[in-house]
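Notes to accompany the following structure.
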Amino acid sequence: MIGIVHGDIKCENVLIFKRSDGFVAKVIDFGYSCFGTTESELVNVACTEPWEAPEHGDQFFQFSSARKMDIYSFGMLVCRTMLSKSLSTTVGKVGHFSTAEEIPAFLEYMKHLKSSTQFLDLVLQSLRESSTIEETWKADLEHIFRLCLQHNTSMRAPGFSLIMAVLFPHER
């Protein structure tokens, strides 16, 4: 086996536990995951809007491409976790709707934003304008967003090892 693609990375599928030495995050709900034995193996990847990568659709993907879709979803998770409040000024309401009728229009709007550099640009603008994130974290978060939230898959990180190196540069 060459690896696993989760297929449904989102806030609801990450649990945070407090330990004596800090916090630990655990990914749950592997019901939509798929295994790959080669990078070119074709897999069907599930998703939940708006967490999915812009190239997602009802089609099969090579395992290496499906892995990059998880990378995009991870970027969306970090974005939602770290920038939820400041994103509302650049992107609009993110997950907080007054009526159910607002949701389809928002999902279409997000799909449109993610199909170009526009979404990443708005995320980076939100990061720069955020008053709740320490300046020392902003450079690392920008790097993570640039690795994950690329609409062009060839510019996206190929796997989580590069992202982990940014998050934990002194651990090997």
Going by Cα centres, region 113-172 and region 1-72 are how many Å apart?
18 Å
Across Lys26/Lys114; Lys26/Lys111; Lys10/Lys111; Lys18/Lys68; Lys18/Lys111, pairs whose alpha-carbon gap is larger than 23 Å:
Lys26/Lys114; Lys26/Lys111; Lys18/Lys68; Lys18/Lys111
Compactness relative to 2.2 N^0.38 Å, alpha carbon Rg of the chain:
1.04
Identify, among Ala105, Ala46, Ser20, the residue whose Cα sits farthest towards the positive end of the charge dipole of region 3-167, taking +1 on the Cβ of Lys and Arg and -1 on the Cβ of Asp and Glu, with the dipole about the Cα centre.
Ser20
Using each residue's phi in region 53-61, evaluate 6.51 cos²θ - 1.76 cosθ + 1.60 at θ = phi - 60° and report the 3J(HN,Hα) Karplus result to the nearest Hz, with x for Gly and Pro.
5, x, 7, 5, x, 7, 8, 8, 10
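What size of dipole, in debye to the nearest 20, comes out for the chain about its Cα centre when the only charges are +1 on Lys and Arg C-beta atoms and -1 on Asp and Glu C-beta atoms? Don't skip to the end; give the middle numbers.
Numbers: 16 positive and 21 negative charges, 74 e Å.
I would put it at about 360 debye.
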Compute a Gaussian network model of the chain, connecting alpha carbons closer than 10 Å, and tell me which residue from Leu77, Leu162, Leu87 fluctuates the most.
Leu162
Given only helices, namely DSSP H runs of n ≥ 4 each adding -39500 (n - 2.57), what is the per-residue ellipticity at 222 nm of the chain, to the nearest 500 deg cm²/dmol?
-14500 deg cm²/dmol
For a quick check: with amide H placed at 1.01 Å from N, whose amide H comes under 5 Å from Gly3's, ignoring anything fewer than 5 positions away on the same chain?
Gly36
Treat the count of other C-beta atoms within 10 Å as a stand-in for reagent exposure and order Ile28, Ile4 from fewest to most.
Ile28, Ile4
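Read-outs: derived from the displayed coordinates by stated rules, not from any lab. None of the values given here were measured: they were computed from a predicted structure. Virtual Cβ from ideal backbone geometry, glycine too; neighbours counted across all protein chains shown.
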